[in-house]
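Q: Let me begin by handing over the structure; questions about it come next.
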Amino acid sequence: MKNWTRAALGLAVPAAAVAGYAAATTANPDPFFPPIPVMLKRFADLWLFEHLPTDVVPSLRNFAAGYAIALTLGLLAGILVGRIRWLKEMAEPLIHFGRSVPPIMLIPPLVLVLGIGDASKVFVIALGAVFPVLLTTVDGMRQVDPALLDMSRSIGLGRVQTLRRIVLPAASPAIYGGAQTGLQVALILMVSSEMVAATHGIGYMTMQAQATFNAPSVWAGILLLAVLGFLINAAFTLVRNRALAWHTGRAAAYAAA
Amino acid sequence: LTGCGSQEPAASAAPVDYDCANPSPVGQPIPVTFAANAIVSNGAVYAGLKEGFFKEHGLEIEIQPVANVSAAISSVQGGTTDFGFATSVSLFQAVDSGVPISVVAPFAGIAPNYYENMKNGVKGYTTEVTALVAAPGSGIKSPADLAGRTVAVADARGQSELTTRFVINEAGADADSVNYTVMAFPDSLNAFKAGQVDAIFTVDPFLSQAVAAGGEVISWPGVETFHEGPTSAIISSNKFIESAPQTVARFTCAIQESNEFANENPDAVREATAVAQGVEAATLATATVPYFYSTADLAGFERFAGIMHDFGFVTNEVDVQSVVLPRALSNG
Amino acid sequence: MNLTENDPARPVRLAVRGLSKTYGSGSTANRVLVDITLDVHQGEFICLVGPSGAGKTTLLRCLTSLMPPTSGTVALDGKVLNGPSEHISIVFQEYTRSLLPWMTVEANIALPLQARGMSRKEAVAQVEPLLRSVGLPGTGRKYPWQLSGGMQQRVAIARALITEPEVLVMDEPFASIDAQTRLELEDLTRTLQQERNMTVVLVTHDIDEAVYLADRIVVLSKNPATVQEIVDVGLGDTRDQITTREDHRFAELRSHILGQIRAAQIRGAVRV
Amino acid sequence: MNLTENDPARPVRLAVRGLSKTYGSGSTANRVLVDITLDVHQGEFICLVGPSGAGKTTLLRCLTSLMPPTSGTVALDGKVLNGPSEHISIVFQEYTRSLLPWMTVEANIALPLQARGMSRKEAVAQVEPLLRSVGLPGTGRKYPWQLSGGMQQRVAIARALITEPEVLVMDEPFASIDAQTRLELEDLTRTLQQERNMTVVLVTHDIDEAVYLADRIVVLSKNPATVQEIVDVGLGDTRDQITTREDHRFAELRSHILGQIRAAQIRGAVRV
Amino acid sequence: MRDPRTTARRLLLGALGIGIWLALWQWSTTGGPLSGTAGLPPATDTLGATAALAADPGFWSTIGETLAMMLAGLLAAVVLGVGLGIAMGLSSRAFAALDPTTQFLRPVPPVVLLPLVLLVVGPTRTLGIVLAAFTAVWPILVQTLVGVRGVDPVALETVRAMRLPWHLRQSSVILPSALPNIATGIRIAASSALMLAIGVGLLAGAPGLGRSILNAQQAGDGTLVFAIIIWSGLLGLATNTLLSAGERALTRNHGPREELAA
Ligand SMILES: Nc1ncnc2c1ncn2[C@@H]1O[C@H](COP(=O)(O)OP(=O)(O)OP(=O)(O)O)[C@@H](O)[C@H]1O
Ligand SMILES: Nc1ncnc2c1ncn2[C@@H]1O[C@H](COP(=O)(O)OP(=O)(O)OP(=O)(O)O)[C@@H](O)[C@H]1O
Ligand SMILES: [Mg+2]
Ligand SMILES: [Mg+2]
């Protein structure tokens, strides 16, 4: 497919949505659904300059720290749990229990232990994002073609080498999928954690706007999060596509145009 | 006042011929929904329900519990519920944002002359519903000492923050220098005990627990800000008011009767609230029951709106008169 | 022609003793190998033939300790194997599935050296000469899925050879390779085996190939597999694609083995 | 011996016109097929031979429209193909990966019938006779990964045959099958082709097999592949494993083709 | 099929894991670093309250509410996520058309949408379902996409050659092959759906466990809050156990899956 067809197709859906929204808001004005220009203006006013250093940057810092912790821990724990059977059996109920507890619920008690500063927020983000990474690591490692494992044993790759060269690469598409889900969870929690016990941040601002019926600000917040999410996701996709070039390349080798 | 594009004119109050004193019977009770969170300030409605005031006016009420005031306002304006509970602060913010809602009945507030009585040390006027409590050992003696400190408030840009800011400014400090962190009352109490915040804006029963833990009340921000008047109201959407004026009239009467009953029987209010919250009646035995206004206090509303405007909580000056239904201003 | 005596000059490298293998258990049990006993000597070239589905691959997997036998043992140089040994290289029948799609050809081939602790750079440096000798010069930077089936199979062969193994186990290694290249690879294998005094066990369906390559040919029967016959080839150590194949003994052995496999086939078919 | 005249009695089934294929583009472009033109007649048995990596599989994939050619066309009965046709059955070279591991053998074989709207039960009922004719009686309830390599390959063959296709395209279908079974399957394919007047295109590395089976043999050269030669076999319609292979023309053809492949190989090697 | 001894071992080790965790909790809140922290009840108190809840029939109907929202949301998400995932995985056109939009919507935190959805449907069960579905759809979509793209290209080409009709192609190749990934996606999504089904109660007063937590929190009953948290964890555990059992049944015959762990 040509690049411009791809771009055109990709723009068609959002364009239709925007046009539909614009038409609906003109035909049927509603204070909670402000017209798009109002939204955009508020977006520019709020986020472009004034609150960027005080609210956006700290939020993103928490996000980055929490997500980095989640990736590291999720991968490490996933590998350990995936490869050490007794550990897996011991940890499995706890893992599934842990990830079922809504992380937002844990913010108040966490505040007691870690304070209302960034530590509790980073912790919550890490806690929420770690599970998708961990689970897909464990599951992805189970899906390796047994023929590859035979090969690996036969050429004398040790446990660590097998893990590094065979199991993890084979699981990498699944792990990247989990990391992407973790990214979303981290964003959700970045915002949510600022809605409870916070003094600044994107979530705090947006929640405040919601509580005061400031619809354009709420929408500006949604827009900001969507844009940030989009950019973060795009960066992630870039990294993933590079790492999984073999995967896409192989599939494309067979795919009919 | 005009010039505020976002402000819709009040609901056109087509004269309705309904007399509270002579409840006209209906064949089938009219079903209506009411959005409220289960707090003592809503107690009059719970008590009124139990006393049968709503049934008397041919209404069958279903209470939709909501988490907070903005959720209640949202659900009223969206048409999910017919009526709802709103604090005056949230109400004016909503109106300021162009949300088409109006006050259909007065509700809980601070009793007339309360501030005067408190200043004069009249018995029974030593405490109020909301308080600012400083943490032990924080060295904070007055709201002025809060400058640069962290205070836990109950809602972002809501009544708690507004009144806290007001008392700090009154005390001569810069309200902007304070970190306001939003926490639910129980959480803020725990954070207070754990030394995570310097002061909390709170209400009973957390207030007494905070004091028991060594906290010191440094201000009664509600009464010190507003002095007296209705801090909350019963609202409905303009659309509903126009489409079902009879029902609204009946509802107004029932609320007014409930309010009068509540002022005379605070214990009944505590009891009914406890049932609604699903807690032991003893838990609320000492809870402060607010004063319930039976007619809307326009002057009070106007003063509140003015303070909000001064503190930038609303962008325009709110035309209060246009958002209060005439019927709510009179009794019966 | 059933010559199974040991050659005392050559020590026993692989000793298979009473090896049996049953897949599954209970009602779905599938008895594949029964009581296989076999000695493979150092520097010997063994070809394993037998009907499809007899159990050749299963035997190789047990032989190399990739899979535990149900009973019996396999010993390498007198030590019972409990897991794959680094002295044994394997070329798998499912060669397309045994290459790593995320690694280039040269990385795939260099992998066993890295497993032995060599740096990647050093290991990769050894790849190109080997690629040339399997007829794939200049393909090191490609990915396996960019190669044809026969090319992938040769990559798998190169990977097995790179460690200069003492024992080489190959499962139908030339099945997808054209006649000409096949002859070359046969000679390459035979030459390396002679030069390095390597022990080779090779499964093939091509009887000519078996006779041409082997010092001894092991014929497996079917359902379950037992050693039906072991044939001493006795065509000498140096072979040649033209003269050896013209040897009258070659033709004799060829038709003998074909008859044996046919017999094994029928024996099996009766039991189904 | 370069006999490429068309047989006017038989209509053209598959018409390949100026077909070229280049993998990738820019600096990594790999020109594999160049200007291949070829007619395959109804009821004709074509064998495709050529060095490993020449482009045989690529040609088959373009021929069956699994992959669009870079230029040129393929027409079936005069209609240019734009996607796989239901009249063509294919046996893939990577047979282990073309069987679905989550389906039993019989479900795998029945699948193409279900594709034609037959109920699963009805389709499965037709499987057992076919399994018997490829030498796998009673294996219908097993899963592919419970079978040996050669058995899996036969399952893939059975799957291709079940629809009684008009055109059968096979990529090294007997590579992993023992000599005896291979002969039987060769005869099976040839018999079915004769009975059903089926058109067959078969890739093989076994020159004997090519000569034994084919009406015409297409020799591909390498790097990039072009049609190097098309050889008319002319051994008659009925063949026999013993008499046909003893025909003096058989030996002649055999060494001619081997020479051609060797030439193709060398031509290719020079260009690398 | 599975050895009863393995099952016993699993149960035993699982119990051991939970035991260790509880012991740590108890120690840290009674004698350890967190002792005396208000709002952090010791394990014993919490477990007592947790057990007491089991005897309350009203609590079970609350759980039922939450489960109903979660399941309905999850179901919608599965239909939507798997459908879109397959479409985007198989058709580059569909991918090009939908990918930017999903990339844009995916990171929007559902909690931010809450006030808007609340406006339209109110603090009802529907609110929970909509938000649960909105959250759950993304992991399912992502994992389905991963799964569909991971289908062995040779297998895919095989069925293309057979010209399998669309539904057969899905049911015979795409779904079975992508199933392990889809199952992982659903398992991850289930906990997100549960989180939202509870969250809407907490943040907006929709029915279910969240509202119970809200009430407990407003009443300042920390022990009860933690007891309900434990129940939500148990609920997640139960959902996961069911889902994995289903997954195992579905992928039973996918091949000789070798246990990696020694
Ligand atoms: N996806 C791909 N990308 C790039 N090059 C490819 C790809 N697939 C095949 N090739 C190249 O195309 C050439 C022909 O491959 P093809 O599989 O058609 O050969 P073949 O004649 O079938 O060989 P064999 O007999 O070994 O199966 C090879 O040189 C191979 O490297
Ligand atoms: N995982 C398994 N589970 C059950 N049975 C199996 C399994 N693997 C192989 N078998 C059976 O064991 C027998 C021998 O298989 P094996 O792969 O060893 O045969 P082979 O001699 O290598 O055949 P080929 O020449 O076709 O490769 C076959 O009948 C096969 O069905
Ligand atoms: Mg085999
Ligand atoms: Mg090929």
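Q: Looking at the stretch D:189-201, is at least one residue of a type outside the set (Asp, Glu), within 14 Å of chain C (Cβ to nearest Cβ) and more than 16 Å from ligand 2 (Cβ to nearest atom)?
A: Scanning the stretch D:189-201, I find no residue that is of a type outside the set (Asp, Glu), within 14 Å of chain C (Cβ to nearest Cβ) and more than 16 Å from ligand 2 (Cβ to nearest atom), so the answer is no.
Q: Another question, then. For the stretch E:132-244, please list each of the helices (runs of 4 or more DSSP H) lying entirely inside it that holds at least 2 residues being more than 9 Å from chain A (Cβ to nearest Cβ) and open to solvent by less than 10 Å² (accessible area, probe 1.4 Å).
A: E:153-162, E:175-204, E:209-218
Q: Considering each residue of the stretch B:130-143, count those that are part of a loop (DSSP other than H, G, I, E, B), in contact with a strand residue (DSSP E or B) (Cβ under 8 Å, 6 or more places away or on another chain) and open to solvent by less than 60 Å² (accessible area, probe 1.4 Å), and give that number. Reasoning before the result, please.
A: Of all residues in the stretch B:130-143, those part of a loop (DSSP other than H, G, I, E, B) come to B:130, B:135-142.
Filter again for in contact with a strand residue (DSSP E or B) (Cβ under 8 Å, 6 or more places away or on another chain), leaving B:130, B:135-136, B:138, B:140-142.
From the residues that got through so far, the ones that are open to solvent by less than 60 Å² (accessible area, probe 1.4 Å) too are B:130, B:135, B:138, B:140, B:142.
Adding up the residues that qualify gives 5.
Q: Another question, if that's okay. Return the total of residues in the stretch A:75-110 being in a helix (DSSP H, G or I) and within 8 Å of another protein chain (Cβ to nearest Cβ).
A: Residues flagged as in a helix (DSSP H, G or I) and within 8 Å of another protein chain (Cβ to nearest Cβ) within the stretch A:75-110 amount to 22.
Q: For residues that are closer than 14 Å to A:ALA197 by Cα and of a type in the set (Asp, Glu), scanning just the stretch B:168-220, find the one that is most open to solvent (accessible area, probe 1.4 Å).
A: Only one residue fits best here, namely B:ASP198.
Q: Determine whether C:LEU3 is more than 30 Å from C:LYS142 (Cβ to Cβ) and modelled with pLDDT under 90. So that I can check it myself, show each step before the final result.
A: On the way: more than 30 Å from C:LYS142 (Cβ to Cβ): yes; modelled with pLDDT under 90: yes.
In short, yes.
Q: Okay, moving on. Is there a residue in the stretch D:69-78 that is open to solvent by 20 Å² or more (accessible area, probe 1.4 Å) and within 14 Å of chain C (Cβ to nearest Cβ)? So that I can check it myself, show each step before the final result.
A: Here is the first cut: in the stretch D:69-78, the ones open to solvent by 20 Å² or more (accessible area, probe 1.4 Å) are D:69-73, D:77-78.
If we keep only those that are within 14 Å of chain C (Cβ to nearest Cβ) as well, we get none.
Scanning the stretch D:69-78 turns up no residue that is open to solvent by 20 Å² or more (accessible area, probe 1.4 Å) and within 14 Å of chain C (Cβ to nearest Cβ).
Q: With respect to A:SER193, determine if the residue is open to solvent by less than 10 Å² (accessible area, probe 1.4 Å), among the hydroxyl-bearing types (Ser, Thr, Tyr) and within 14 Å of chain B (Cβ to nearest Cβ).
A: Against the criterion (open to solvent by less than 10 Å² (accessible area, probe 1.4 Å), among the hydroxyl-bearing types (Ser, Thr, Tyr) and within 14 Å of chain B (Cβ to nearest Cβ)), A:SER193 qualifies.
Q: Restricting attention to the stretch D:164-184, which residues are among the aliphatic types (A, V, I, L, M), open to solvent by 10 Å² or more (accessible area, probe 1.4 Å) and facing chain C (nearest Cβ under 9 Å)?
A: D:ALA175, D:ALA179
Q: Look at the stretch A:119-156 and say how many of its residues are surrounded by fewer than 24 Cβ atoms within 10 Å (Cβ to Cβ), free of Cβ contacts under 8 Å to residues at least 12 places away in the same chain and not in a helix (DSSP H, G or I).
A: Counting residues in the stretch A:119-156 that are surrounded by fewer than 24 Cβ atoms within 10 Å (Cβ to Cβ), free of Cβ contacts under 8 Å to residues at least 12 places away in the same chain and not in a helix (DSSP H, G or I) gives 1.
Q: OK, next. All but one of (1) of a type outside the set (Val, Ile, Thr); (2) modelled with pLDDT of 80 or more; (3) assigned to a helix (DSSP H, G or I) hold for B:GLU62, so report the exception by its number.
A: The failed condition is (3).
Q: Still on this structure, I have one more. So, of the residues in the stretch C:129-152 that are open to solvent by less than 60 Å² (accessible area, probe 1.4 Å) and more than 23 Å from A:ALA245 (Cβ to Cβ), which turns out to be nearest to ligand 1 (Cβ to nearest atom)?
A: The selected residue is C:GLY150.
Q: Only residues that are in a strand (DSSP E or B) and either open to solvent by less than 10 Å² (accessible area, probe 1.4 Å) or within 14 Å of chain D (Cβ to nearest Cβ) (or both): list them for the stretch C:33-54, please.
A: C:LEU33, C:ILE36, C:VAL40, C:HIS41, C:PHE45, C:ILE46, C:CYS47, C:LEU48, C:VAL49
Q: Considering only residues that are more than 12 Å from chain A (Cβ to nearest Cβ) and of a type in the set (D, E, K, R), which ones fall in the stretch B:148-187?
A: Across the stretch B:148-187, the qualifying residues are B:ARG165, B:GLU170, B:ASP174, B:ASP176.
Q: Does D:GLU106 satisfy the criteria of being away from chain E (no Cβ under 12 Å) and among the acidic types (Asp, Glu)?
A: On the way: away from chain E (no Cβ under 12 Å): yes; among the acidic types (Asp, Glu): yes.
So D:GLU106 fits the description; yes.
Q: Only residues that are in contact with a Gly (Cβ under 8 Å, 6 or more places away or on another chain) and closer than 17 Å to A:THR199 by Cβ: list them for the stretch A:113-136, please.
A: The answer is A:LYS121, A:VAL122, A:VAL124.
Q: Can you go through E:LEU24, E:LEU53 and tell me which one is open to solvent by 70 Å² or more (accessible area, probe 1.4 Å) and either polar (S, T, N, Q) or not in a loop (DSSP other than H, G, I, E, B) (or both)? I'd like the intermediate steps shown before the answer.
A: Numbers: E:LEU53 fails: open to solvent by 70 Å² or more (accessible area, probe 1.4 Å).
Testing whether each residue is open to solvent by 70 Å² or more (accessible area, probe 1.4 Å) and either polar (S, T, N, Q) or not in a loop (DSSP other than H, G, I, E, B) (or both) leaves just E:LEU24.
Q: Let me ask something else about it. Can you tell me which residue is farthest from ligand 2 (Cβ to nearest atom) among those in the stretch D:115-153 that are basic (Lys, Arg) and closer than 20 Å to C:PRO224 by Cα?
A: D:ARG132
Q: Are there helices (runs of 4 or more DSSP H) fully within the stretch D:55-148 with at least 2 residues that are closer than 24 Å to C:ALA54 by Cβ? List them.
A: Hits in the stretch D:55-148: D:95-98, D:105-115, D:127-133.
Q: So which pairs qualify, if the first residue must be in the stretch C:59-79 and in contact (Cβ under 8 Å) with a residue 24 or more places away in the chain, the second must be part of a loop (DSSP other than H, G, I, E, B), the Cβ gap must be under 7 Å, and the two must be at least 6 apart or on different chains?
A: Between residues of the stretch C:59-79 that are in contact (Cβ under 8 Å) with a residue 24 or more places away in the chain and residues that are part of a loop (DSSP other than H, G, I, E, B), the close pairs are C:CYS62/C:PRO69; C:THR64/C:PRO84; C:LEU66/C:PRO84; C:VAL74/C:SER65; C:VAL74/C:LEU81; C:ALA75/C:LEU81; C:LEU76/C:SER85; C:LEU76/C:HIS87.
Q: Go through the residues of the stretch D:154-161 one by one and say whether even a single one is part of a loop (DSSP other than H, G, I, E, B) and either more than 16 Å from ligand 4 (Cβ to nearest atom) or open to solvent by less than 10 Å² (accessible area, probe 1.4 Å) (or both).
A: No, that holds for no residue.
Q: Right, A:LEU60: in a helix (DSSP H, G or I), more than 9 Å from chain E (Cβ to nearest Cβ) and more than 15 Å from the chain's Cα centre (by Cα) or not?
A: Against the criterion (in a helix (DSSP H, G or I), more than 9 Å from chain E (Cβ to nearest Cβ) and more than 15 Å from the chain's Cα centre (by Cα)), A:LEU60 does not qualify.
Q: Quick check: is even one residue across the stretch D:213-225 under 23 Å from D:GLN126 (Cβ atoms) and either more than 16 Å from the chain's Cα centre (by Cα) or within 16 Å of ligand 2 (Cβ to nearest atom) (or both)? So that I can check it myself, show each step before the final result.
A: Let us first name the residues in the stretch D:213-225 that are under 23 Å from D:GLN126 (Cβ atoms), namely none.
No, the conditions are met nowhere in the stretch D:213-225.
Q: Select, from D:VAL200, D:VAL233, D:VAL155, the only residue that is away from ligand 1 (no atom under 16 Å from the Cβ), among the hydrophobic types (A, V, I, L, M, F, W, C) and touching a Lys or Arg at 6+ places or on another chain (Cβ under 8 Å).
A: Within the list D:VAL200, D:VAL233, D:VAL155, the selection yields D:VAL233.
Q: Further, regarding this structure: Of A:ALA220, A:ALA186, A:ALA234, A:ALA171, which residue is within 9 Å of chain E (Cβ to nearest Cβ) and either modelled with pLDDT of 80 or more or open to solvent by 20 Å² or more (accessible area, probe 1.4 Å) (or both)?
A: Sole residue among the options that is within 9 Å of chain E (Cβ to nearest Cβ) and either modelled with pLDDT of 80 or more or open to solvent by 20 Å² or more (accessible area, probe 1.4 Å) (or both): A:ALA234.
The values are calculated or read from the model by the stated rules, or taken from the named source; none is laboratory data. This is a predicted model, so every value here is computed, not measured. Quick reminder, even Gly has a Cβ in these numbers, built from the backbone with ideal geometry, and neighbours come from all protein chains shown. All accessible areas refer to the heavy atoms of the entire protein, side chains included, with ligands and DNA or RNA removed. Shrake-Rupley method; radii C 1.70, N 1.55, O 1.52, S 1.80 Å.
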